[in-house]
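Down below is the structure, laid out as structure tokens.
The values are calculated or read from the model by the stated rules, or taken from the named source; none is laboratory data. As the structure is a prediction and not an experimental result, all values here were calculated from the model. Positions of Cβ are backbone-derived with ideal geometry, glycine not excepted, and every protein chain shown enters the neighbour counts.
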Amino acid sequence: MRIVFVCIGNVCRSPFAERYFNKRCRDINLPHVASSGGTVPYRYGIPHEAIEAARIFSVNLSDHVPRYVGDVIKVFRPDLVLTMERNLVDEVKCICEIHGIDVPVTTLIGYITGIDDDIEDPFGHDITTYLRVYSTIAHYIDKLLEILNKRRDKV
């Protein structure tokens, strides 16, 4: 499965989700791959707090370059798009439609729990906030991988 994670600036949440997901897939030998993009990519670098917090999870964000989700979707051709916020779902659905991509779009939390909810944006906050947010993202991605692994076992 090919998944795109989406947040606003593509500097904190979605790049962490992408890299954590890809790392975990390699760790447990799953064939899935992720990418990420933002609806309004931030052009001034990755916050130091984001890089430091990600390291705690063995994720390297230091070389990440923010990308526009439309460009990512057009090239990556995902099977699923997961947003960090409810208010991004409709916008991302429109972006997919513009690029002729028919793909499910929902929040990460909604995909796991069936109830759409937001993952807090840590941008501009201290490292404690980043750690809390990254812990939340890691939790839901681990749940996502459990779901994907069960589907694979049924095939």
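Give the residues of region 26-76 that are in contact with a strand residue (DSSP E or B) (Cβ under 9 Å, 6 or more places away or on another chain), closer than 19 Å to ILE137 by Cβ and assigned to a helix (DSSP H, G or I), sorted by residue number.
Of everything in region 26-76, those that are in contact with a strand residue (DSSP E or B) (Cβ under 9 Å, 6 or more places away or on another chain), closer than 19 Å to ILE137 by Cβ and assigned to a helix (DSSP H, G or I) turn out to be VAL69, VAL72.
Which condition from (1) closer than 19 Å to HIS32 by Cα; (2) buried (at least 18 other Cβ atoms within 10 Å of the Cβ) is the one that MET84 breaks?
Checking MET84 against (1) closer than 19 Å to HIS32 by Cα; (2) buried (at least 18 other Cβ atoms within 10 Å of the Cβ), the one that fails is (1).
Test each condition in (1) closer than 17 Å to ARG2 by Cα; (2) surrounded by fewer than 21 Cβ atoms within 10 Å (Cβ to Cβ) for VAL105 and report the one that comes out false.
If we test VAL105 against (1) closer than 17 Å to ARG2 by Cα; (2) surrounded by fewer than 21 Cβ atoms within 10 Å (Cβ to Cβ), just (2) comes out false.
Return the pair list, or none, for Cβ contacts closer than 8 Å from residues in region 1-24 that are surrounded by fewer than 24 Cβ atoms within 10 Å (Cβ to Cβ) and part of a helix (DSSP H, G or I) to residues that are at pLDDT below 95 and not basic (Lys, Arg), at least 6 apart or on different chains.
Here the result reads ARG24/LEU30, each pair linking region 1-24 to a residue that is at pLDDT below 95 and not basic (Lys, Arg).
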